[in-house]
Every structure is written in C-alpha cells, then in structure tokens.
Amino acid sequence: EAGVVQSPRYKIIEKKQPVAFWCNPISGHNTLYWYLQNLGQGPELLIRYENEEAVDDSQLPKDRFSAERLKGVDSTLKIQPAELGDSAVYLCASSLEGGVTEAFFGQGTRLTVV
Amino acid sequence: GEDVEQSLFLSVREGDSSVINCTYTDSSSTYLYWYKQEPGAGLQLLTYIFSNMDMKQDQRLTVLLNKKDKHLSLRIADTQTGDSAIYFCAGQAGNTGKLIFGQGTTLQVKP
C-alpha cells in the first residue's frame, strides 16, 4: 500500500513568489494534517482536515498561507507571497480518523526561499 | 497548552543501550508517542504509550512513563548504527489528533 505522497520533494523560489505543495494521503484516511518543520525543530501543526473540512487552522498564517482539500482526498498548501522565513520542510500526514490514531507522515517538501 | 522538551543530543557505542528522555506539561495527554526521523525523510512512528500505562515494550524498544513527573523515556537495547537518527517525543492535545512535538534528540551511534 502506498504511503503518504508529497510533491515536490524540493522547491527553490525567490521571495515574493507563490508556491504550492501537494499531498495525497493514504487511501481511506479521513484526517489530513499539514505540519511545518523548521531546521532543528520538531514539526508544528498548521492545519488539520476531517474529510474536506478544516477543523483546526488556528496556527495557519492566513495572510499568506492557504490550504484546500477538495473532495476530502488530496490537499494543497499554498504560500503567496513567500518570505525568506518560510524556508522549512512542509510535512503532510494522514490518519484513519482524528483522535487517537496513528498518523503516517510523507517525506515532506523542503522549501528554500532565496 | 502542551509543551514538550527533550535533550538535544545523545552519543552511544554500538551494542550499548540508549535512553532518550522527554518531559511534557499537559497531564491530559491521552497518548504519548515516539517518532524517528532519518535524514531527508519523514517521520516514522516507533511506538506509543497510553497515559494509564507505566511501561510498554516492543522488541528492542522500551517506553517508560512517569505521569507524576510528566516524564517519558525511550530505551533502545543493543543500539545499532542504523538507529542513528533524530527521535521526537510527541504528546496528543486532548482528543483532537493534534500532536505537539519536542525539538528532537539526535542519536549518534559510534561503531
């Protein structure tokens, strides 16, 4: 069974440009998470979806970040415009449901803003 | 909210036991997790423990939980060079599925 798939693996962009990340969760997983991992830190939750509904987006900087999960399957995370401080790894994870279940992580997208 | 802290670095010799420690603040965390992250990879769930347990053993891994002191540890027996990675402790915020991670402990295993 395929795991959580993210693309691209790496992205280098100039500041003020837009960027988008894509995530395909494990089939059948209703809950999808986007985490931000800065260098030398643990991941921090940006947004959590239950099916197509964003149930926790309190940590998402809404002035420049947006996310969607149309049809409750794939998800995209967008930054517009990107800033130097957005350089980090963006991790997607999915689980069967929210609450206490195992979350499986993708390999992440490493973003470098120059 | 939940805060999770870990020591940053641990170095051991191959074949020795490794003990990685973690402290957390939210006593309502239902589950506590240990994840492993190898360079350039995502996070892999190693094991987890329910908050009403004191200990859980899974092959070479032993998790100890001291709820009174809010202290969690991961012991890796017979540590191998392939165990070299960053290990993250994480607590679950209530029943939301949201994980609060520590900053990670880099485990270096010397041959």
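Each value in this text was obtained by applying a stated rule to the coordinates, not by laboratory testing. A quick note: this is a predicted structure, and the numbers were derived from the prediction, not measured. FYI the Cβ positions are ideal-geometry reconstructions off the backbone, even for glycines, and counts take in every protein chain you see.
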Q: Pull up all non-local amide H partners of A:GLY108: gap of 5 or more, or a different chain, and H-to-H distance under 5 Å with H placed in the peptide plane.
A: A:GLN6, A:CYS92
Q) What is the stretch B:1-62 by shape, rounded, prolate or oblate, if you read a ≥ b ≥ c off the alpha carbon gyration tensor as root eigenvalues and call it rounded for a/c under 1.5, prolate for a/b larger than b/c, and oblate otherwise? A) prolate
Q. Do any trypsin sites (Lys or Arg not before Pro) in the stretch A:1-66 lie in a DSSP loop with no more than 16 other beta carbon atoms within 10 Å, and if so, which?
A. A:ARG9, A:LYS15, A:LYS16, A:LYS62, A:ARG64
Q. Tell me, Kirkwood radius of the stretch A:5-114 from alpha-carbon pair distances, in Å?
A. 13.8
Q | 14 Å beta-carbon shell around A:ILE79, net charge (K/R +1, D/E -1) | A | +2
Q: Please report, in cubic angstrom per residue, the volume enclosed by the convex hull of the alpha-carbon atoms of the stretch A:59-114.
A: 105
Q. In nm, to one decimal, how far is the B:ASN21 label point from the A:GLU102 one, both placed 7 Å along Cα→Cβ?
A. 2.9
Q) Of all DSSP beta bridges located in chain A, what percent are antiparallel, nearest 5? A) 90
Q. Ratio of the protein assembly as shown's C-alpha Rg to 2.2 N^0.38 Å, to two decimals?
A. 1.02
(Q) Could you work out the percent of alpha carbon pairs in chain B separated by over 16 Å, rounded to a whole number? (A) 55
Q: Determine the relative contact order of chain A: mean sequence separation of Cα pairs under 8 Å and six or more apart, normalised by residue count, in whole percent.
A: 37
Q) So, counting K/R as plus one and D/E as minus one, what does the shell of residues with Cβ under 13 Å around B:LEU61 add up to? A) +1
Q | Net charge of Cβ neighbours under 13 Å - reference A:ALA20; Lys, Arg +1; Asp, Glu -1 | A | 0
Q.
Under a Cβ-only charge scheme (Lys and Arg +1, Asp and Glu -1), can you give me the dipole magnitude of the protein assembly as shown about the Cα centre, in debye to the nearest 20?
A. 400
